[in-house]
Structure formats: C-alpha cells, structure tokens
1. I'd like the full set of residues that are among the charged types (D, E, K, R) and open to solvent by less than 30 Å² (accessible area, probe 1.4 Å), limited to the range 11-65.
2. Just a yes or no: is a residue in the range 81-99 in contact with an Asp or Glu (Cβ under 8 Å, 6 or more places away or on another chain), at pLDDT 90 or above and small (Gly, Ala, Ser)?
3. Looking at the range 112-128, is at least one residue part of a helix (DSSP H, G or I), surrounded by 15 or more Cβ atoms within 10 Å (Cβ to Cβ) and modelled with pLDDT under 90?
4. Just give me the residues in the range 26-38 being modelled with pLDDT of 95 or more and of a type outside the set (A, V, I, L, M, F, W, C), in sequence order.
5. All but one of (1) surrounded by fewer than 12 Cβ atoms within 10 Å (Cβ to Cβ); (2) within 12 Å of the chain's Cα centre (by Cα) hold for residue 72, so report the exception by its number.
Amino acid sequence: MRQRCFTETTAEATIHYQIVDLGRQLYVWAAVGNPKLGNLCMSIPTQMDPIPAVATLLPSSANSESSSVAQRIALKMQRPVLCSWNIPGTSPMLEAIAERRLLQELRDMFGTQQQQVQEQTGQAAHAEGLAGAQPATQAANS
C-alpha cells in the first residue's frame with residue numbers, strides 16, 4: 001500500500017491532499033481549511049459505458065464535485081476511485097488548481113506503471129489480432 005500526503009498553498013487557500021493506493025483501487029481526498037471527510041463518492045470504469053459509473057457513499061449538504069472528480073480520475077487511471085473532494089464550489093479557479101495538482105501527483109505515482117499497463121494491453125491486443133488472423137490465413141492458403 002502506497003500513500004502520499006501533501007499540501008499546497010495558493011493565494012486563496014491551503015489545500016490538503018491524500019492519495020492512497022489500495023491495490024486495485026485508489027482513495028483520493030482533498031480539503032481546504034480544516035481536514036475533514038465531508039463526503040465520499042466511488043467511481044468505477046465499466047466496459048458497458050465510456051463514462052465510469054459513480055455512486056455517493058457518504059453524502060454532503062454542501063455543493064460538491066466529488067462525483068465528477070471521481071469519474072475523471074477513474075477514467076484517466078482506469079481503476080475504481082474513492083474520492084472525498086472538500087473544495088468549496090464557490091471558487092472554480094481553486095477547484096481547477098486542486099484537480100490539476102492532484103492529477104500531477106497521480107501521474108508521478110503511477111506514470112510508469114500506467115504506461116506499462118497500456119503497453120501490455122496494446123501488445124496483448126496485437127497478439128490476439130495476430131492469433132485470430134493466422135487461422136484465416138491458413139484457411140485461405142489451403
């Protein structure tokens with residue numbers, strides 16, 4: 001299990017982050033001000049739809065972007081994501097800064113791993129395509 005905790009100070013606020021690699025899924029938390037778990041959403045990529053499915057596990061009374069952020073991260077990482085996003089919706093610039101920094105940290109943590117998975121997936125698909133093409137070629141030559 002890998003974990004990364006960090007803080008970023010902007011002109012508007014101090015943002016606290018935590019990323020936990022739970023093996024097959026990620027837990028992502030971001031908050032401004034007092035560290036708290038105000039809401040929690042889970043998003044899972046599916047083969048049925050290009051947009052990952054999302055569910056609210058711990059609702060919040062505040063306007064929250066947790067579900068949207070969880071979907072975007074799940075789409076980029078191709079893994080289930082638990083997301084608690086406690087950034088005030090009153091500042092779109094702060095939300096953009098926080099999400100950009102979070103994605104940069106995820107790329108730093110998983111960049112080479114994600115590239116290897118994509119390469120392996122591409123190689124496997126290529127090999128399957130070749131394997132599927134060989135019997136047809138042999139049948140044509142017979």
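1. First, pick out the residues of the range 11-65 that are among the charged types (D, E, K, R): 12, 21, 24, 36, 49, 65.
Across the range 11-65, the qualifying residue is only 21.
2. yes
3. From the range 112-128, those part of a helix (DSSP H, G or I) are 112-128; that's our starting set.
Narrowing the set further to residues that are surrounded by 15 or more Cβ atoms within 10 Å (Cβ to Cβ) leaves 114.
Among the residues that remain, those that are also modelled with pLDDT under 90 are: 114.
Yes, the range 112-128 contains a residue that is part of a helix (DSSP H, G or I), surrounded by 15 or more Cβ atoms within 10 Å (Cβ to Cβ) and modelled with pLDDT under 90.
4. 27
5. Status for residue 72: all satisfied but (1).
The values are calculated or read from the model by the stated rules, or taken from the named source; none is laboratory data. For clarity, every value in this text was computed on a predicted model and none was experimentally measured. Cβ: placed from backbone, ideal geometry, glycine included. Neighbour counts: every protein chain shown. Surface accessibility is based on the protein's heavy atoms, side chains included, excluding ligands, DNA and RNA. Shrake-Rupley method; radii C 1.70, N 1.55, O 1.52, S 1.80 Å.
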